[in-house]
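Here the structure comes first, spelled out in C-alpha cells, and everything after it is commentary.
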Amino acid sequence: MAKDVATSQEVTDDSSNHEESRLDRAARMVSKYAAASAVAGLIPIPWADITAISAVQMKMVHGLSKLYCVPFSSQWAQSLLASLTGSVAADGIGRIGLGSMLKMIPGVGHAVSMIALPGVACMATSTLGQIFTEHFESGGTLLNLNLKVWRPVYQEKVQTTAATS
C-alpha cells in the first residue's frame, strides 16, 4: 500500500515537471520568435519589414498552438493578431508602421528606423507570445481568446515599453 502511494506521488511529480517544461519551452519559443521579429525589423524595405514581422508572429502562434495541442487556424490567428496589435494603431499610425515608414526618409529616417523598429518588433512579439502562452496555459483556444481582457494588457505593455525607450 505504501508503495502505491509513492508511485502515485511520483506520477504527480512527473506531471508537474511536464507542465514546467512546457512553460519553459513556450518561453524559449517566444524568445526565439521575438528575436526573429527584431531581425525582421532590420529589413531595409518599407512594408516588407512589417510583412516579415507579421509572418514571424503567425509562426510563433502556430508553434505555441502545437505545443499546447490547440487547434490552429491561420484565419483565426490573423484575426486575433490584427485585433490585438491593431489596438495600438490608434496611437498615431502605430509604432511598427511608423518605424517602417521612416525608412522612406533618406538618411536619417532610415537610420532612426533601423534603431527603433527592431526593439519595438521584439517587444510586441514577446508580449503577444506571453499573452498566447498564458491563454493556452489556462486551457484557452484561438476561438475563445477574450480581446476585452487581453487588448488592454497588450496596449499597456507596448505603451510602457515605448515610454521607457
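Below, the figures for the structure above:
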| quantity | calculated |
| --- | --- |
| Potential lengthening between Glu156 and Asn144 on full extension [0.36 nm per residue; Cα-Cα distance subtracted] | 2.2 nm |
| Residues Leu143, Leu117, Leu80, sorted so that the one with the fewest Cβ neighbours within 10 Å comes first | Leu143, Leu80, Leu117 |
| Relative packing of 33-41, 70-78, which averages over residues the other C-beta atoms within 10 Å, highest first | 33-41, 70-78 |
| Pair Ala27, Ile115: separation of 7 Å Cα→Cβ label points (nm) | 3.2 nm |
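Since every read-out is calculated from the coordinates, none of them should be taken as a lab result. Values in this document were obtained by computation on a predicted structure and should not be read as measured data. A quick note on method: Cβ atoms are made from the backbone with ideal geometry, for glycine too, and the neighbour counts reach across all protein chains shown.
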